[in-house]
Amino acid sequence: MALAILPFLGYCITRLLFWSCKKRFVVSEKISKESSFVVAFWHGELLFQPFLYRQIRAKPRISVMISDHFDGEIIARMIGFFGFKTLRGSSSKGAKRVLLGAIRELEGGGDIAITPDGPRGPYHSVADGIVMISQKTERPIVVFRAFFEEAWQLKSWDKFFIPKPFSRVTLIARDPFDLSGLSLEEARTLIYAKMTEEIE
């Protein structure tokens, strides 16, 4: 019953919250309108990311990497209402399958979205998967950030943000960058640095 109700309810609440908020979009002009790329955002800033992506692609062609856990199923069904596809798997189950699926999507012209610290943390960590996907496909990474002027912050591992109605929200898609020639540790360090830059 929960799987039948919660995703649609979450979608409706998200759209209502988004409608009520005062939004500012900052989207890099260097993001390709044609070539595919890897979207990276923190797990706790997930809520309004579909609206930011729509500023780049009016017609979505993105697959979001989501865990096989119950909460992942709710999120997968919820983002389906935005017209996004999903790739299901985690580090403990189906990791190889989901990584190969992500590579195929990128090479086929689709975009991939991944939370480097998901699905279970640690908070604001960078796992190896995003490095492998970007380097294997030679696709750049575009960092998505969400900055909330007023928000509730859950006491979950990801410190999930829920913006308060009628508050100000800034959604940023930063300049693309690639990981060519970098070691695993160098690449992870660069991704973390890019993802922790503060708002301009």
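The values are calculated or read from the model by the stated rules, or taken from the named source; none is laboratory data. None of these values were measured; they are calculated from a predicted model. Cβ atoms come from the backbone with ideal geometry, glycine included; neighbour counts cover every protein chain shown. Each accessible area value is taken on the protein alone, full model and side chains, heavy atoms only, with ligands, DNA and RNA left out. Shrake-Rupley method; radii C 1.70, N 1.55, O 1.52, S 1.80 Å.
So here's what we get for this one:
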quantity: Percent accessible area from carbon and sulfur atoms, the stretch 114-192, protein chains only, probe 1.4 Å; calculated: 53
quantity: Estimated [θ] at 222 nm from DSSP helical runs (n ≥ 4, -39500 (n - 2.57)) normalised by residues in the chain, nearest 500; calculated: -10500 deg cm²/dmol
quantity: Label-point separation, residue 6 to residue 28 (7 Å along Cα→Cβ), nm; calculated: 3.5
quantity: Trypsin sites (Lys or Arg not before Pro) within the stretch 18-80: DSSP coil, no more than 11 neighbouring Cβ in 10 Å; calculated: 33
quantity: Rounded to 5, percent antiparallel among DSSP beta bridges of the chain; calculated: 30
quantity: Largest-first principal axis extents, alpha carbons of the chain, Å; calculated: 45, 41, 33
quantity: Loop-located trypsin sites (Lys or Arg not before Pro) in the stretch 135-200 whose Cβ has at most 11 other Cβ within 10 Å (DSSP); calculated: 155
quantity: Per residue accessible area in Å² of the chain, where ligands, DNA and RNA are left out and the probe is 1.4 Å; calculated: 52
quantity: Tensor-based shape of the stretch 118-174 (alpha-carbon gyration tensor, a/c under 1.5 rounded, otherwise prolate or oblate); calculated: oblate
quantity: Lys pairs, the stretch 1-119 - Cα-Cα below 28 angstrom, 8 or more residues apart or on other chains; calculated: 14
quantity: Choice from 115, 86, 14 showing the highest fluctuation, given a GNM over the chain with Cα pairs closer than 10 Å; calculated: 14
quantity: Approximate spin-label separation residue 135-residue 20, in nm, with each point projected 7 Å along Cα-to-Cβ; calculated: 4.5
quantity: Cα gyration tensor category, rounded, prolate or oblate, for the stretch 1-101 with a/c compared to 1.5; calculated: oblate
quantity: Euclidean distance of C-alpha centroids, the stretch 20-41 and the stretch 45-110, integer Å; calculated: 16
quantity: Residue 120-residue 178 FRET efficiency (beta carbon distance; Förster radius 25 Å; 0.05 resolution); calculated: 0.35
